[in-house]
Amino acid sequence: MRMLREMTKTPFYVLLHPFQGFWDLKYENKGRLRVALSMLLLLTVATILLRQYAGFVVNFNYPYDLNSINELQYIVLPFFLWCVANWSLTTLMDGEGKFKDIVMATGYALLPLILMRFGNVLISNIITTRESAFYYMIDSLSVLWFVWLLFIGTMTVHQYTVLKTIVTMLLTLVVMGIIMFLGLLFFSLLQEMIGFVVSIYNEISYRI
């Protein structure tokens, strides 16, 4: 019951009163890491349902080609990439937020996406082609609302000015790209090293 209250009261307060809400998360200790991670889980579920069960008017995915596990890389990976990149950057830019604060602020900011995507699953099955514009409008609104909450959360957690928050968010996207590039480079080199070792082992095995 307590977890249910945490999952509803504080996130919805942040949704409607973001400035005070994010302040309470950090400085009044009202934020919970488990709630933020639960929001991430709910967004994953909502996205999977939307991709698989959205009405044919707006759903152009082939159901048998969808893999729920693969959907995680488009939600969970960017979430933690953002948190790591933002924490790494703001550590050098005198940010006051800890990694836990960043995860909580980002997680609580996901609520508009969760609500809109669950809602769009229902709406998409009752609208006509002419009414599909409402579906896309709701989807765009949820993204804008999420970005707005993420902006306020970043500004509040790190105690930045508006301009510094905008610059920090843009630089965070750049750092995310750098991390992804280095990660791909590392795995590529690792794959080549493994292939080299395997080829040497096979060569030795044949000669023996």
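When N125 is evaluated against the numbered criteria (1) in a helix (DSSP H, G or I); (2) touching a residue at least 40 places away in the same chain (Cβ under 8 Å), which criterion, by number, is the only one it fails?
(1)
In the stretch 139-161, which residues are open to solvent by less than 80 Å² (accessible area, probe 1.4 Å) and aliphatic (A, V, I, L, M)?
Scanning the stretch 139-161 gives V143, V147, L149, L150, I152, M155, V157.
I need the full set of residues from the stretch 83-109 which are outside any loop (DSSP other than H, G, I, E, B), hydrophobic (A, V, I, L, M, F, W, C) and closer than 16 Å to M39 by Cα, in order please.
C83, I102, V103, M104, A105
Quick test of your reading of the structure: M180 fulfils all but one of (1) free of Cβ contacts under 8 Å to residues at least 24 places away in the same chain; (2) touching a helix residue (DSSP H, G or I) at 6+ places or on another chain (Cβ under 9 Å). Name the failing condition by number.
(1)
Between a first residue in the stretch 14-42 that is charged (D, E, K, R) and a second residue that is open to solvent by 90 Å² or more (accessible area, probe 1.4 Å) and outside any helix (DSSP H, G or I), which pairs have beta carbons less than 6 Å apart while being 6 or more apart in sequence or on different chains?
From the stretch 14-42, the pairs are D24/K30.
Condition test on E71, is it of a type in the set (D, E, K, R) and not in a helix (DSSP H, G or I)?
So E71 fails the test.
Residues to consider are Y206, Y136, Y201; find the one that is closer than 30 Å to Q52 by Cβ, part of a helix (DSSP H, G or I), open to solvent by 50 Å² or more (accessible area, probe 1.4 Å) and not hydrophobic (A, V, I, L, M, F, W, C).
Among Y206, Y136, Y201, only Y136 is closer than 30 Å to Q52 by Cβ, part of a helix (DSSP H, G or I), open to solvent by 50 Å² or more (accessible area, probe 1.4 Å) and not hydrophobic (A, V, I, L, M, F, W, C).
Using the structure shown, decide if V167 is under 20 Å from the mean Cα position of the chain (by Cα), closer than 26 Å to L111 by Cβ and assigned to a helix (DSSP H, G or I). Even if it seems obvious, please write down each step before you answer.
Working: under 20 Å from the mean Cα position of the chain (by Cα): yes; closer than 26 Å to L111 by Cβ: yes; assigned to a helix (DSSP H, G or I): yes.
So V167 fits the description; yes.
When residues of the stretch 110-120 are filtered for being part of a helix (DSSP H, G or I) and either open to solvent by less than 20 Å² (accessible area, probe 1.4 Å) or on the phi > 0 side of the Ramachandran plot (or both), how many remain?
5
Just the residues that are of a type outside the set (D, E, K, R) and open to solvent by less than 50 Å² (accessible area, probe 1.4 Å), please, taken from the stretch 18-45.
Result: P18, G21, F22, L25, G31, V35, A36, S38, M39, L40, L43, T44.
L171 - would you say it is surrounded by fewer than 19 Cβ atoms within 10 Å (Cβ to Cβ) and over 27 Å from F12 (Cα atoms)?
Yes; evaluated as a whole, the condition is true for this residue.
To keep it simple, each residue is scored yes or no on (1) at pLDDT below 85; (2) open to solvent by less than 40 Å² (accessible area, probe 1.4 Å); (3) under 12 Å from the mean Cα position of the chain (by Cα).
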{"site": "T47", "(1), (2), (3)": "no, yes, yes"}
{"site": "L50", "(1), (2), (3)": "no, yes, no"}
{"site": "V58", "(1), (2), (3)": "yes, yes, no"}
{"site": "N61", "(1), (2), (3)": "yes, no, no"}
{"site": "W82", "(1), (2), (3)": "no, yes, yes"}
{"site": "S88", "(1), (2), (3)": "no, no, no"}
{"site": "M104", "(1), (2), (3)": "no, yes, yes"}
{"site": "Y108", "(1), (2), (3)": "no, yes, yes"}
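Six or more apart or on different chains, Cβ under 6 Å: which pairs go from a residue in the stretch 55-73 that's small (G, A, S) to one that's at pLDDT 75 or above? Could you list them?
Once the first residue is small (G, A, S) and sits in the stretch 55-73, its partners that are at pLDDT 75 or above give G55/S124; G55/N125; S68/I48.
Taking the residues in the stretch 1-33 that are in a helix (DSSP H, G or I) and charged (D, E, K, R) as candidates, determine which candidate is modelled with the highest pLDDT.
The initial filter retains those residues of the stretch 1-33 that are in a helix (DSSP H, G or I), namely 2-16, 18-27, 33.
Remaining after also requiring charged (D, E, K, R): 2, 5-6, 9, 24, 26.
On the way: R2: 59, R5: 61, E6: 58, K9: 76, D24: 89, K26: 86.
Ranking the qualifying residues of the stretch 1-33, first place goes to D24.
The values are calculated or read from the model by the stated rules, or taken from the named source; none is laboratory data. All values derive from a computational prediction rather than experimental measurement. Please note: Cβ atoms are built from the backbone with ideal geometry, for glycine as well, and neighbour counts cover all protein chains shown. Accessible surface is based on the protein model in full, side chains and every heavy atom, while ligands, DNA and RNA are left aside. Shrake-Rupley method; radii C 1.70, N 1.55, O 1.52, S 1.80 Å.
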